[in-house]
Structures are given as C-alpha cells and as structure tokens.
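The structure appears below as structure tokens.
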Amino acid sequence: MFIERYIRGKKKVGSIEVIAGSMFSGKTEELIRRLKRAKIAKQRVEIFKPAIDKRFSETEVVSHDENSIRSTPIENSANVLFYAGDADVIGIDEAQFFDKGLVEVAIKLADFGVRVIIAGLDMDFKGIPFGPIPNLMAVADDVTKVHAICVKCGNIAQFSHRLSNKEQVVLLGEKDIYEPLCRRCFQEVNQK
C-alpha cells in the first residue's frame, strides 16, 4: 500500500502529534495552521474528518474562527489508510469521534514515515477521557494541550460543559449547546 520512503538513502522518520483540549480552545485552528505550513513546504498533505461532523461543511475542516482547509470525510479509522496514498502529512480533525482503531492507524502511518497530526477533544461533557484521544496521547511523539477561557470566571478552561440535558456522549453542537469552563466552575455547575 505504501511505497518505501527514503530521503538521500535514509528512511524518512514519521511522527504522531496530538492537539487536545476542550471545545473552543483552538484545536482545529492549530491543526489547520500546521497543515497549511506543510503545504507551503510543498509536502503532500491529506486531511480527514469524521463523516458525521457536518456542522460547518461536509468537505472542509473549519475552525470556530472560520479558517478552513479541504478534507475527506470518512466513516471509520481504517479509511485513513485507504485514502492516505503517498501523503507526507496526514491531518485528522475531531478524532474523538473515530473508533479506537485510530491508534493503530496512526502508529502504522508514522512507522511508514508519515507525519500524523491529530486534533480532538480530550474529555467528553462529563469530564471523562474521550474516545481514542487518551491512547493517542500516550503513543504520540508530541502532545499539545490547548485551553479555552472559562466563560464564567475568565480562568483557563479545560472542560466542555454541556448546556443541554441530553445524555448521549456524541452530541454535535456549538455555543448553543456547549461552553468552556475551568475546573472550579465545572465542579460548581455539576454539583447542582
């Protein structure tokens, strides 16, 4: 599936980078920034997002600041390998919505010399580690934890508080359904 990757007789070294944090913390913004820089460097870039995320666009990864980059929507992590082609850099947004197989996919790509950049929520609305993100953070070469600002007190926010009473773990939404909170404000809201 992948061709051997050699640069001047040496095998190219791949890596896994994870950008994690709460909603409204700039995860997608940072992912887009890194991918655009890779494109400027004339690297072959492929970007993927979960097919269920159609909030802003069906075929683009879009940040809350409305920056965007073309992407391929996919149903499961195995499709990343199918569509990766001979990319030098693979970007994956909203990784928390993918199955646990994403960890093995990322490792396989990195072992083949691909730079894999993954962005996603590290915790769900209850403050519980979310999907494959914790395991991706464990195997990553680099982890960037980004934070939002608490809408109640202005401190650093690491929790995505759900304003709705709906209990399903996956509930796509924006500021109408979620707000970023610091630990203290998150605890106060959840004690009520």
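Since every read-out is calculated from the coordinates, none of them should be taken as a lab result. Please read all numbers here as calculations on a predicted model, not as lab measurements. Glycine also receives a Cβ, built like all others from the backbone with ideal geometry; neighbour counts cover every protein chain displayed.
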* Built amide H within the under 5 Å cut-off of Ile19, gap 5+ -> Ile118, Ala119, Gly120, Thr144
* **trypsin sites (Lys or Arg not before Pro) restricted to region 22-53 and DSSP loop, no more than 15 other C-beta within 10 Å** => Lys42, Arg44
* **Separation in nanometres of the label points that stand 7 Å from Cα toward Cβ, at Gln191 and Ser164** => 2.8
* Structure fact -> Charge tally for neighbours of Gly131 with beta carbon under 11 Å away, counting Lys, Arg as +1 and Asp, Glu as -1, is -3
* Residues with beta-carbon under 10 Å from that of Val80, excluding Val80: net charge, scoring Lys, Arg +1 and Asp, Glu -1? -> 0
* Report the local net charge at Arg183: Lys and Arg +1, Asp and Glu -1, summed over other residues whose C-beta lies under 15 Å from its C-beta. => +1
* Asked: Say the cut-off is 31 Å between C-alpha atoms; which of Lys100/Lys126; Lys39/Lys152; Lys108/Lys152 go over it?
  -> Lys39/Lys152; Lys108/Lys152
* Asked: Tell me, in nm to one decimal, what length is gained between Ala78 and Ser15 on full extension, where the rule is 0.36 nm per residue of separation less the Cα-Cα distance?
  -> 20.8 nm
* To do: Rank by packing, highest mean first: peptides 121-130, 97-106, with packing defined as the count of other Cβ atoms within 10 Å averaged across residues.
  => 97-106, 121-130
* Pairs to check: Lys27/Lys49; Lys12/Lys42; Lys12/Lys49; Lys12/Lys145. Give those whose C-alpha atoms are more than 21 Å from each other in this structure. => Lys12/Lys49; Lys12/Lys145
